[in-house]
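Just so it is clear, none of the values below were taken in a lab; they were calculated from the coordinates. All values derive from a computational prediction rather than experimental measurement. Because the Cβ atoms are built from the backbone with ideal geometry, glycine has one as well, and the counts that use them run over all protein chains shown.
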Amino acid sequence: MTQTVLFVDDEEELRLATAQTLMLADLNAEIFDHAEAALARIARGFDGVLVTDIRMPDRDGLWLMRKALEIDPEFPVILVTGHGDVNLAVQSMRDGAYDFIEKPFAPSRLVSTIQRALDKRRLTIENRALKREVGNRDKLEARLIGRSDAMVGLRKSVRAIAATDADVLITGPTGAGKDLTARALHDLSARAPYPFVHINCAALPVDLVESELFGHEAGAFPGAMRARFGKFEFARQGTVFLDEIDSLPVSVQAKLLHAIQERKITRLGANDPVDLDIRIVAAAKTDLENAVAEGSFRADLLYRLNVVTVAVPPLSARRDDIPSLFLNLAAQAAARYSKPLPEVPADVLSHMATRSWPGNVRELRNAADRFVLGLDPTDTADAAQSGGQTLAERMAEHEKSLITAALTAQGGSLKKTYEALGLSRKSLYEKMQKYGLSKAQDEEA
């Protein structure tokens, strides 16, 4: 981004001389003869600085400085003063001015002061960008929890895709977190300030699907007493999440395809199309390719939706995350039910990690709720299925789950973990290395 110097002075000769000085110094400059015009260029994200004379008719430089600092308290303002205004300029620095230059000034002094201010502004902008990035990362990790490779990959995909405006198809089993992923895509995108409209396609009345999605005019069908916006129009500039899209009737799928391709819809009973500025995120509870083969889903709609596909892993693919995820869900349940969070023993976490969760995170959340309410968290969970694993593989998986659960229960402390498991420090390290577990915290370090 090119940094810009905004220079304001009511003296034409000084404006012309300063413009030439800044041009020779290879600085991009915009020159103004009054304060209001310069103020219109200033925004919180403006990558530049302001140089303004104090004494000007109508709105003076101090007024302009105050207005600029209201927009951005860290915006660098350099004041140009006459001899009698030095005390005023010093006071202005206490009020937020970056620096001041006394007339008459040497061109080199002006350029060096501006360059220092531009460096400061550049660092401010970069630090804000880094803070936003870290903040978004923290928010995403708090929402899509887990250190497994599968979850690290999912978060990486979400961050990369959210910044684009591409339509997205989310795949994954029931209860894995497709709705959370869709919401994260919206919240990390430029559309975050606008609506996120979650449409459960399976819950739409069959005879009112088109009206719900596209809206209708008064009298379009019996009972339509007045015109009504559809959910697509309501989501303008935001994101439409079509959950269980495979439940839509084939007849509606054709109209949906047209709406997605053209970004236009026509309300029932109307003739004029309505332009749409929306992003489409869709999810299905079944394999859409199989649905296409069976004739229950349009192939062209599938191809239009899966420009970008995000796969949400089942819990069975990220068992290492279950202990920390259970603790997080238990904390949420405790807050929801206004109850204290009970201590979660390591054996309970280990048991959680070795169970089968066909309902995925949704089922695990139910178990966390039962635990917080003082009930058996495993009374509806099935034992883990061994599949085609050998005994050695099953034993190794169980050992890994025990160590992961113990690490989580001990807050990542290696010392407390190997003492709780009855292992030596060396043995724990070797097993962690064998299973690819991270050293979260070592109290003896």
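Just a few scattered comments:
- Cβ charges +1 (Lys, Arg) and -1 (Asp, Glu), total dipole of the chain, debye: 1120 debye
- Which labelled figure in (i) 66, 60, 44; (ii) 87, 75, 41; (iii) 150, 50, 36 is Cα extents along the principal axes in Å, once derived from the coordinates: (ii)
- Eligible lysines near residue 431 by straight Cα distance, threshold 21 Å, same-chain separation 8 or greater: 400, 415, 416, 439
- One chain, two ends: residue 250 and residue 300. Fully extended at 0.36 nm per residue, the span grows by 16.8 nm beyond their Cα-Cα distance.
- Counting beta carbons within 10 Å around each of 90, 209 and listing the fewest first gives the order 90, 209.
- The Cα-based radius of gyration and maximum Cα-Cα distance (Dmax) for region 182-275 are 13.5, 42 Å.
- Considering only the chain, percent of DSSP beta bridges that pair antiparallel, nearest 5: 10 percent
- Equivalent ellipsoid, region 316-435 (semi-axes from 5 times Cα gyration tensor eigenvalues, Å): 25, 19, 10
- Using alpha-carbon coordinates, inclination of helix 425-435 to the longest axis of the chain, degrees: 90 degrees
- Expressed in units of 2.2 N^0.38 Å, where N is the residue count, the Cα radius of gyration of region 4-127 is 0.95.
- Peptides 38-48, 419-429 ordered by average Cβ neighbours within 10 Å, highest first: 38-48, 419-429
- Summed side-chain charge close to residue 236 - residues other than residue 236 whose Cβ falls under 13 Å, Lys, Arg +1, Asp, Glu -1: +2
- Taking a straight Cα-Cα cut-off under 17 Å and skipping sequence neighbours fewer than 8 places away in the same chain, the lysines within cross-link reach of residue 156 are 139, 178.
- Calculated FRET efficiency for the pair residue 112/residue 262, C-beta based, R₀ 51 Å, to 0.05: 0.35
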